[in-house]
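In what follows, a single structure is set out as structure tokens and then discussed.
The values are calculated or read from the model by the stated rules, or taken from the named source; none is laboratory data. This is a predicted model, so every value here is computed, not measured. All Cβ positions, even for glycine, are placed from backbone atoms using ideal geometry, and neighbour counts span all protein chains on display. To get the accessible areas, we keep the full protein, side chains included, count just its heavy atoms, and leave off ligands, DNA and RNA. Shrake-Rupley method; radii C 1.70, N 1.55, O 1.52, S 1.80 Å.
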Amino acid sequence: MEGPCALLCVLSHLIMVFVVRVKTTELYIPPLVTKHYIYGDVNHKVNVYVKMLTDSPFLVCMDIDMAYEETIDPKFLWIGPDGNVLEGHSNVNITETGKLMLKSFDKSMSGSYSCTLFYKRIKDDVSQEKELYKGYKFAVLAYLDPDYTFQINVRYMAKPCNEKANERFVVTFLKTINQVIASLNCHLEDTYHKCHVIKAPKHSMQNQLFVAFKVDPFFGRWNKECSSKPYGCQKETSTRLEMAKKFIVEFFRMQTRVLQEEFVNVPEINYVEHSLDIIHVDSCRPGFGKNEVTHHDCPGCCVVCDPGTYSSFNNIHCEVCKDIKITDHGATEC
């Protein structure tokens, strides 16, 4: 089997023999935030990260040193990001000892929470009371686990870079990969290819096609199918992507075997064995972004964008908005 269409025939052959066996895989979903206490600090604002739509840990209106001392006649006043007193709000739980829990935390609840502790100090003369107070601030920020996809990089030996046969091959190749993952409702996105001349050690000059693409687990339907769900289809996304990765790896393994076993003369355009490279690529939802310098206490988290910044679809970082003044957390456009 020879000629310009040789490898295209290989791709067609692989599609015929590639049988998709979809298996249902139960993935472990981490539990909600474990209840614990976060104490205030009189010297600086304490950052607290709360996963979207879960309850916050208890914020303690007291520093760790005071917590182990006797406190006389304590009273607590919690103020929210809007400057209003939190007592009596339906989405908060304030205990008699001044601990605050924010319920079903949403990105719109992100901001600066402050508490003032009023208490008394009595010395040797019990009739001599001194009223004191301490203030504590907490920056409470919503976060999400990052979404992710796979970027696939692969190389093919090619015809001279100016020949149109290379372009025709890439079109057919990408269609073939889409067929491989079509049963999962996945699709390729951000496709890229370019022909380069390579001088490999102990080899003459070679023409090679560098091809790259990402896998979209929802074929552009994420906003329609997942935006209203609490965790945005994280389990389904992971299942589809892992299965797509498995199918693609198997496709290239089969391609190597077919070329070795069924072709006397290897086609001029052929897969460079072991060139397959699969990279895990994170992304954040609109209104969230990564910043491991600012949010080093929540590494890898997609944290709600601060006022003055925004992120749109599939961005990984929040960007400064210079066109308009953004006053809220979690802006999705500028």
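Quick look at the values:
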| quantity | calculated |
| --- | --- |
| Long-range neighbours under 8 Å by Cβ, at least six apart or interchain, first residue without any contact (Cβ under 8 Å) to a residue 12 or more places away in the chain within the range 171-185, second surrounded by 15 or more Cβ atoms within 10 Å (Cβ to Cβ) | Asn178/His187; Asn178/Leu188 |
| Matching residues, the range 291-334, being part of a strand (DSSP E or B) and open to solvent by 50 Å² or more (accessible area, probe 1.4 Å) | Glu319, Val320 |
| Check on Arg221, on the phi < 0 side of the Ramachandran plot, touching a Cys at 6+ places or on another chain (Cβ under 7 Å) and modelled with pLDDT under 90 | no |
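Listed here are the residues, each with its yes/no results for (1) of a type outside the set (D, E, K, R); (2) within 35 Å of the chain's Cα centre (by Cα); (3) open to solvent by 80 Å² or more (accessible area, probe 1.4 Å).
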{"residue": "Thr95", "(1), (2), (3)": "yes, yes, no"}
{"residue": "Ser108", "(1), (2), (3)": "yes, yes, yes"}
{"residue": "Ser112", "(1), (2), (3)": "yes, yes, no"}
{"residue": "Leu117", "(1), (2), (3)": "yes, no, no"}
{"residue": "Lys123", "(1), (2), (3)": "no, no, yes"}
{"residue": "Glu131", "(1), (2), (3)": "no, no, yes"}
